[in-house]
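Below is one structure, written out as structure tokens; the observations come after it.
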Amino acid sequence: MSPAEIRLTQPVTGGPYAGTFTVTAENGPVSYSISVPGTDLYLTITPAAGSLAAGQSQVITATLVPNPNGAPPLFDNPVTVNPGGIAVTLEYPPSG
């Protein structure tokens, strides 16, 4: 799985913030799932689950729609990739 930290960025034309990371099946086939913290109503992960053959990879997209009720919250939460309980930290808004 790479990278372990993702900075979500917004296109210059506006819209949702997004970033990607890659999940790879090592040492055989694997079914994976990605859990999002229950308090984050604006974050989506696509695809959030799937099956991979040995050596196969899947690009995962994290998308965050800014809070329509005000300024975006500071965001630095991990999502968890299973099996393995691997944490991927998503940063929003981008620091810089």
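What residue, among those in the range 66-96 that are assigned to a loop (DSSP other than H, G, I, E, B) and either touching a helix residue (DSSP H, G or I) at 6+ places or on another chain (Cβ under 9 Å) or under 13 Å from residue 18 (Cβ atoms) (or both), is modelled with the lowest pLDDT? First the steps, then the outcome.
Our first condition is that a residue be assigned to a loop (DSSP other than H, G, I, E, B); within the range 66-96, this holds for 66-74, 83-85, 93-96.
Subsequent filtering for residues that are either touching a helix residue (DSSP H, G or I) at 6+ places or on another chain (Cβ under 9 Å) or under 13 Å from residue 18 (Cβ atoms) (or both) retains 66, 93-94.
Values: 66: 68, 93: 64, 94: 49.
Result: 94.
For the subset of the range 32-62 comprising residues that are among the small types (Gly, Ala, Ser) and in contact (Cβ under 8 Å) with a residue 40 or more places away in the chain, which member is surrounded by the most Cβ atoms within 10 Å (Cβ to Cβ)? Lay out the reasoning, then the answer.
Step one: list which residues in the range 32-62 are among the small types (Gly, Ala, Ser), which gives 33, 35, 38, 48-51, 53-55, 57, 62.
Checking which are in contact (Cβ under 8 Å) with a residue 40 or more places away in the chain leaves us with 33, 35, 62.
Numbers: 33: 13, 35: 14, 62: 22.
My answer is 62.
The values are calculated or read from the model by the stated rules, or taken from the named source; none is laboratory data. Because the structure is predicted, anything quoted here is derived from the model rather than measured. As a convention, Cβ positions derive from the backbone with ideal geometry for all residues, glycine included, and neighbour counts pool all protein chains shown.
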